[in-house]
Every structure is written in structure tokens, then in C-alpha cells.
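Participant: Would you mind keeping the following structure in view while I ask a few things?
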There are 2 protein chains.
Amino acid sequence: MKIFNSIKEMQVFSLSSKRDGKKVAVVPTMGFLHEGHMSLIDIAKKEADIVVVTIFVNPTQFGPNEDFSRYPRDFERDSRLCHERGTDAIFAPEASEMYPTGASTWITEDSLSKGLCGKSRPLHFRGVTTVVAKLFNAVLPDLAVFGQKDAQQLAVIKRMVRDLNFPVKIIAGPIVREADGLAMSSRNKYLSPDERKNALSISSALREAGKKIFGDSAGLRDFVSSKISSNGGRVDYVEVVDAETLEPDCNFERPLLIAVAAYFGTTRLIDNTII
Amino acid sequence: MKIFNSIKEMQVFSLSSKRDGKKVAVVPTMGFLHEGHMSLIDIAKKEADIVVVTIFVNPTQFGPNEDFSRYPRDFERDSRLCHERGTDAIFAPEASEMYPTGASTWITEDSLSKGLCGKSRPLHFRGVTTVVAKLFNAVLPDLAVFGQKDAQQLAVIKRMVRDLNFPVKIIAGPIVREADGLAMSSRNKYLSPDERKNALSISSALREAGKKIFGDSAGLRDFVSSKISSNGGRVDYVEVVDAETLEPDCNFERPLLIAVAAYFGTTRLIDNTII
């Protein structure tokens, strides 16, 4: 398995793989990998000849009071896990490589990025679209695999890829959960044992909501929201939106996304389900 | 010579050329080609195996009161000129192909794009960076040739390419002038005979300024500005800036760009020289 820190070397590797007729897949991550990431690597291996995992804790997608500095990092463990899973190359640039002095170019998505997480994290998706474009141009993949857990991120990236004509196919990997239902996240590590137990209310509320019949989306929202609140969670949002457009007014005829963000202690968790 | 209107077909042609080991160059234009464009095609042919000329009058780089609808167009003449000059392919998409319904992704450059033309054309460079990124992802070139006449555009695009890691080498083509000195521009066609004559004051002022010694940049600016005004031009700006960073405070030790924008009648012309 190769490890690249330089954009130029990453591009050379990818271009030479492609000249050999190989299909290149990228799995963009912020590291501290878990089984959710591993499932994306598995998908990438099925779809492509060469799998590149990027590991980069992107400073520009964190707000000033968010957890950038304490975001968990363990490159040695990550690279072992990647290697065991058959990854061909890791791209792990320094921040100075990705954001050279005087970097002044940004990519914004002005529609899908505004609701849901965009409300409480106003510059988050600007950081995501910008870094994903930079990573795409460094890895030059034929396809990219993103987790469905970050449903809004997935929708925003699909939109960016369409709008800017990136020659990259986007594939979504299903949410991977712990045995008890908690959606896997690098941030689960922040949870105390009690918070960890209470946080199960998110996935159980989503599971129950998917089985019940509601007259309107307000009823569905209230159901999920009160389940989480009554378990000590502080709800950031519970939204029922069109699964593709993320538009809030939906008529129960197209697939709906129920998306949740909630705090347990100081840890912000997201989860979702499509019904 | 091939003519493509679809992004997908353009990408397929470019990828197959590259798989054959060929180097692809792009010359982005808004059509109504003149010898300035032709000189860029010549440079592209020297540097690459396959030359793609894009012809697209990009609506998003025109302001609401600018000349988008009356911008001159003549595709038949353009394609004849491209063919005669040895162009391999023209990419001429419809606006709906480049900006699908609901397009919501923009690229902004927040530093170099602010001064000079950016002051009077606040959304111009957002349109330029966005469309150039879209064109790069459609044509997938190894190199791109832009004219030095749009000096700020060139600097902004170089910055975008660096910041977003586009694997594209940017080459600048020198300004091509009419026999009497007027910088070639598709917009010269708007000028009445009198305006055409008076507009020579821009290039002659720049030429003279390049030969004189000034104590500071204010003296240089005033010299050029008054030459143009006294010939009936309405100066938008005359600026003396660092040729690379476009920073206004420069010390006459690094190469300086003298950049001009001025109206003759309702026609806005730009020109520049590096001293």
C-alpha cells in the first residue's frame, strides 16, 4: 500500500494507473476509521481496480467553536485498517499542502446546503465542497464512495459534481450501525457511557417512525423529536424532506428522508433514514 | 474537425485521446474569434497533440446591464477559422448544458478578483471561475491557453487552478494588436469610426508610459488616465499593480502591470502592459 502526502505524487500515481486502463475509486475520510468507512472501502473495491482512501481532517469544514482540534486522529491505526482491507493507496496531505498560503478559492453550493445542518453550521458545506473538489483533482478518481449517514453532504456533493461536470461517479454506501443501532461515527468516542446509552434514542426513534403511519410530516417530526428529548438529547433539528432535493414540502409520494441532528452532552450526532 | 455540444461526448473524446498518449490543450473563448484567439490556438498546437477550442458566451460573467444579449456571435465563421488553424475539436455547448435547471454551485476567488475589473463588475469573476472549472471538467485538458489581455482573468484562473489542484498547466499568450496598436477584442466591433480612432489613446498611453520614468505609481496612473480622458475616453480604472499578486502597493522592483479599463461611447475596453 502506498502513502502519499503530496498532491503531485498522488496525481502521478492516479494518472499512471488510469493509463494502464485501471479504474480508480476514492473514499474520502477524516480518518479515525470505523466499520462504516470499511464498508465504503469494500464498495470501492467491488467497483474499481485501484482504491485510494484520503485521510484529511479538513479545517475549513469546522466552525470556530467546533471540535477541529480535538477531532480524534490515529494515522497508524487507520493505515493498518486500510491495508488489511486491501486499499491500494492512502492520500494524507498536510493542511499546508491542501491550503497553500493565500488560498482564496472557494466552492459554494447555494441551495441544498442551506437547510438541515447548514442552519447551525453556516460555513460547513463550503468547506466540504471545496475540499472534496481539491481531493477529486488530487486523486482524479473515476468514482467516489460516500456514506449515506451524511445524507445532506451526499446530496450537496452530487449536486456539485453535476454542476461542475466532474467526471466522477458518486456512489452512496448504506449507514453502518453498532449492534444496538447507534450509527457509527468517529465522534461516538466522545460519548460517556450514559450519553452513549441515551443516544440510542435517535436510531430507535427513526426505526419506529419508519414503521408508523403519520398524517403529516409535522406529526412524524414531533414523534422523533420528543423521543430524543425525553432521553436527554438536545435536538438541533428533525426534518422530513424529499430524499433527493432536500425540499421540506413533500407529499409522501416520493422517497422521504427523515434527518436528525442532536446533542448528547457536547457531542453532536447525526442520523437518518429513508422511508 | 469535430464539433461537440454535449459534455459527455466531449469528455469521452478527451479521455480517449489521453488514453492514446496524446496531450490535450484547451483554448477557452466566447467566440467571434480574431487573431488574438488564433495566436492562442497556435500556442496550443505547439504545446499539445490535440487542440480543443471552446466557444461559449457565458451568461454568468455578464452583469445585468452588460452586453450579454448583443455580444457578437458567428459560429459558422468561428468554426471555419478554427478548422483553418488546425483545431481538432470545438466544444460549443448550449447554456442549458452548462447550467442545468437548478444549478446552484459557484466558485469564487476572494482576493485577486476584488480589485481592477472586479470593482465595477462584482459578479464577473465568479462567472469566469465557475465556467472555466466547468469547461476544464468537460474538456479535461493537460494545458489551457489564455490571453494576457485579460490579465486579471489570467491571474484569477491561475490562482483557482493552484488552489483547487486542477491538473492543468496554464499558459499565457501575449496581447495581439491591430497594426495601429489597438488590442484585439471581439468588442472592437461595437466602436464607431471616431471611437475606434480615439480608443488608440489607450495603447499609445501604455506604450509611452512604458518608456518614461515616473517617481511613483500615482504619476504613472495620472499620465495614462489623462491621455485617455483627453481623447474622449471615460476611464473606469488605471492601476499599477504587482504583475503576479495584483497588489496595488508595489515598489518598482518586481514586474509591474499597468492595467486599464475605459469606455469609448458605451463600449468598455481593457488593455495592459507589463513593465
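The values are calculated or read from the model by the stated rules, or taken from the named source; none is laboratory data. Treat the numbers as computed from the prediction; the structure is a model and nothing was measured. Methodologically, a virtual Cβ is constructed for each residue, glycine included, from the backbone with ideal geometry; neighbour enumeration extends over all protein chains shown. Quick note on the areas: whole protein, heavy atoms, side chains included, nothing else; ligands and nucleic acids left out. Shrake-Rupley method; radii C 1.70, N 1.55, O 1.52, S 1.80 Å.
Participant: Assess whether A:Lys189 counts as being surrounded by fewer than 18 Cβ atoms within 10 Å (Cβ to Cβ), in contact with an Asp or Glu (Cβ under 7 Å, 6 or more places away or on another chain) and either within 14 Å of chain B (Cβ to nearest Cβ) or within 23 Å of A:Asp78 (Cα to Cα) (or both).
Facilitator: Spelling it out, it is not the case that A:Lys189 is surrounded by fewer than 18 Cβ atoms within 10 Å (Cβ to Cβ), in contact with an Asp or Glu (Cβ under 7 Å, 6 or more places away or on another chain) and either within 14 Å of chain B (Cβ to nearest Cβ) or within 23 Å of A:Asp78 (Cα to Cα) (or both).
Participant: Determine whether A:Arg77 is among the charged types (D, E, K, R), outside any loop (DSSP other than H, G, I, E, B) and away from chain B (no Cβ under 14 Å).
Facilitator: yes
Participant: Okay, next question. From the set of residues in region A:116-136 that are touching a residue at least 40 places away in the same chain (Cβ under 8 Å) and in contact with an Asp or Glu (Cβ under 7 Å, 6 or more places away or on another chain), which is nearest to the other protein chains (Cβ to nearest Cβ)?
Facilitator: A:Phe125
Participant: For A:Phe75, are the conditions met, namely being in contact with a Gly (Cβ under 7 Å, 6 or more places away or on another chain) and free of Cβ contacts under 8 Å to residues at least 60 places away in the same chain?
Facilitator: yes
Participant: Something else about it: Would you confirm, using the coordinates I've provided, whether B:Leu116 is in the same structural domain as B:Gln61 (by TED's automatic domain parsing) and touching a Gly at 6+ places or on another chain (Cβ under 7 Å)?
Facilitator: Against the criterion (in the same structural domain as B:Gln61 (by TED's automatic domain parsing) and touching a Gly at 6+ places or on another chain (Cβ under 7 Å)), B:Leu116 does not qualify.
Participant: Based on this model, can you work out whether A:Phe91 counts as in contact with a Gly (Cβ under 7 Å, 6 or more places away or on another chain), surrounded by 23 or more Cβ atoms within 10 Å (Cβ to Cβ), more than 9 Å from chain B (Cβ to nearest Cβ) and not polar (S, T, N, Q)?
Facilitator: Against the criterion (in contact with a Gly (Cβ under 7 Å, 6 or more places away or on another chain), surrounded by 23 or more Cβ atoms within 10 Å (Cβ to Cβ), more than 9 Å from chain B (Cβ to nearest Cβ) and not polar (S, T, N, Q)), A:Phe91 does not qualify.
Participant: Could you check A:Ala199 against (1) within 18 Å of A:Asp236 (Cβ to Cβ); (2) within 14 Å of another protein chain (Cβ to nearest Cβ) and say which number it fails?
Facilitator: (2)
Participant: Take B:Leu33 and tell me if it is touching an Asp or Glu at 6+ places or on another chain (Cβ under 7 Å) and more than 14 Å from every other protein chain (Cβ to nearest Cβ).
Facilitator: Against the criterion (touching an Asp or Glu at 6+ places or on another chain (Cβ under 7 Å) and more than 14 Å from every other protein chain (Cβ to nearest Cβ)), B:Leu33 qualifies.
Participant: Let me ask something else about it. Just one of the numbered conditions (1) open to solvent by 30 Å² or more (accessible area, probe 1.4 Å); (2) in contact with a strand residue (DSSP E or B) (Cβ under 9 Å, 6 or more places away or on another chain) is not true of B:Lys114; which one?
Facilitator: Here B:Lys114 clears every test but (2).
Participant: Name, by its number, the condition in (1) at pLDDT below 95; (2) under 18 Å from B:Val139 (Cβ atoms) that does not hold for B:Asn65.
Facilitator: For B:Asn65, the failing item is (2).
Participant: I want to confirm something. Restricting to region A:236-253 and keeping residues that are among the hydrophobic types (A, V, I, L, M, F, W, C) and modelled with pLDDT under 85, which single residue is farthest from A:Thr267 (Cα to Cα)?
Facilitator: A:Phe252
Participant: Would you confirm, using the coordinates I've provided, whether B:Val139 is more than 16 Å from the chain's Cα centre (by Cα), within 11 Å of another protein chain (Cβ to nearest Cβ) and buried (at least 22 other Cβ atoms within 10 Å of the Cβ)?
Facilitator: yes
Participant: Looking only at region A:60-73, decide whether some residue is assigned to a strand (DSSP E or B), at negative phi and open to solvent by less than 70 Å² (accessible area, probe 1.4 Å).
Facilitator: No, because not a single residue in region A:60-73 is assigned to a strand (DSSP E or B), at negative phi and open to solvent by less than 70 Å² (accessible area, probe 1.4 Å).
Participant: Shifting gears a bit: Looking only at region B:117-136, count how many residues are open to solvent by 50 Å² or more (accessible area, probe 1.4 Å) and closer than 28 Å to B:Val51 by Cα.
Facilitator: Of the residues in that region, 1 qualify.
Participant: Let me ask something additional. Take the residues in region A:195-222 that are of a type outside the set (A, V, I, L, M, F, W, C) and in a loop (DSSP other than H, G, I, E, B); name whichever of them is most open to solvent (accessible area, probe 1.4 Å).
Facilitator: That would be A:Lys212.
Participant: For B:Glu97, work out the one condition from (1) among the acidic types (Asp, Glu); (2) assigned to a helix (DSSP H, G or I); (3) more than 21 Å from A:Arg162 (Cα to Cα) it doesn't fulfil.
Facilitator: (3) is the only condition that B:Glu97 fails.
Participant: Which residue is surrounded by the most Cβ atoms within 10 Å (Cβ to Cβ), if the candidates are limited to region B:19-40 and must be at pLDDT 95 or above and in a helix (DSSP H, G or I)?
Facilitator: It comes out as B:Leu40.
Residues are listed down the side, and each one gets a yes or a no for (1) more than 19 Å from the chain's Cα centre (by Cα); (2) more than 27 Å from A:Pro255 (Cβ to Cβ); (3) at pLDDT below 95; (4) not assigned by TED's automatic domain parsing to the domain that holds A:Asn65:
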| site | (1), (2), (3), (4) |
| --- | --- |
| A:His124 | no, no, no, no |
| A:Leu143 | no, no, no, no |
| A:Leu164 | yes, no, no, no |
| A:Val168 | no, no, no, no |
| A:Gly181 | no, no, no, yes |
| A:Asp194 | yes, yes, no, yes |
| A:Ile202 | no, no, no, yes |
| A:Arg207 | yes, no, no, yes |
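Participant: Do you know which of the residues in region A:100-111 that are closer than 18 Å to B:Asp163 by Cα and in contact (Cβ under 8 Å) with a residue 12 or more places away in the chain is surrounded by the fewest Cβ atoms within 10 Å (Cβ to Cβ)?
Facilitator: Among those that are closer than 18 Å to B:Asp163 by Cα and in contact (Cβ under 8 Å) with a residue 12 or more places away in the chain, it is A:Thr108.
Participant: Scan A:Ile43, A:Ile3 and give me the residue that is open to solvent by 30 Å² or more (accessible area, probe 1.4 Å), away from chain B (no Cβ under 14 Å), assigned to a helix (DSSP H, G or I) and aliphatic (A, V, I, L, M).
Facilitator: Within the list A:Ile43, A:Ile3, the selection yields A:Ile43.
Participant: Which numbered condition trips up B:Tyr99, out of (1) at the interface with chain A (Cβ under 10 Å from one of its Cβ atoms); (2) touching a His at 6+ places or on another chain (Cβ under 6 Å)?
Facilitator: With (1) at the interface with chain A (Cβ under 10 Å from one of its Cβ atoms); (2) touching a His at 6+ places or on another chain (Cβ under 6 Å) applied to B:Tyr99, the lone miss is (2).
Participant: Let me ask something additional. Looking at region B:49-58, is at least one residue open to solvent by less than 60 Å² (accessible area, probe 1.4 Å), assigned by TED's automatic domain parsing to the domain that holds B:Leu123 and farther than 18 Å from B:Phe136 by Cα?
Facilitator: no
Participant: Out of (1) in a helix (DSSP H, G or I); (2) open to solvent by 20 Å² or more (accessible area, probe 1.4 Å), what's the single condition that is false for A:Gln152?
Facilitator: Answer for A:Gln152: the failing condition is (2).
Participant: Here's something else I'd like to know. For B:Ile171, state whether it is at negative phi and not in a helix (DSSP H, G or I).
Facilitator: Against the criterion (at negative phi and not in a helix (DSSP H, G or I)), B:Ile171 qualifies.
Participant: Could you give every pair whose Cβ atoms fall below 6 Å, whose first residue belongs to region A:153-174 and is within 14 Å of another protein chain (Cβ to nearest Cβ), and whose second residue is surrounded by 18 or more Cβ atoms within 10 Å (Cβ to Cβ) and assigned to a loop (DSSP other than H, G, I, E, B), counting only separations of at least 6 or pairs across chains?
Facilitator: Going by the 6 Å Cβ cut-off, the qualifying pairs are A:Ala155/A:Leu112; A:Ala155/A:Leu246; A:Val156/A:Leu112; A:Val156/A:Ser113; A:Arg159/A:Leu112; A:Val161/A:Val168; A:Asp163/B:Ala103; A:Val168/A:Pro141.
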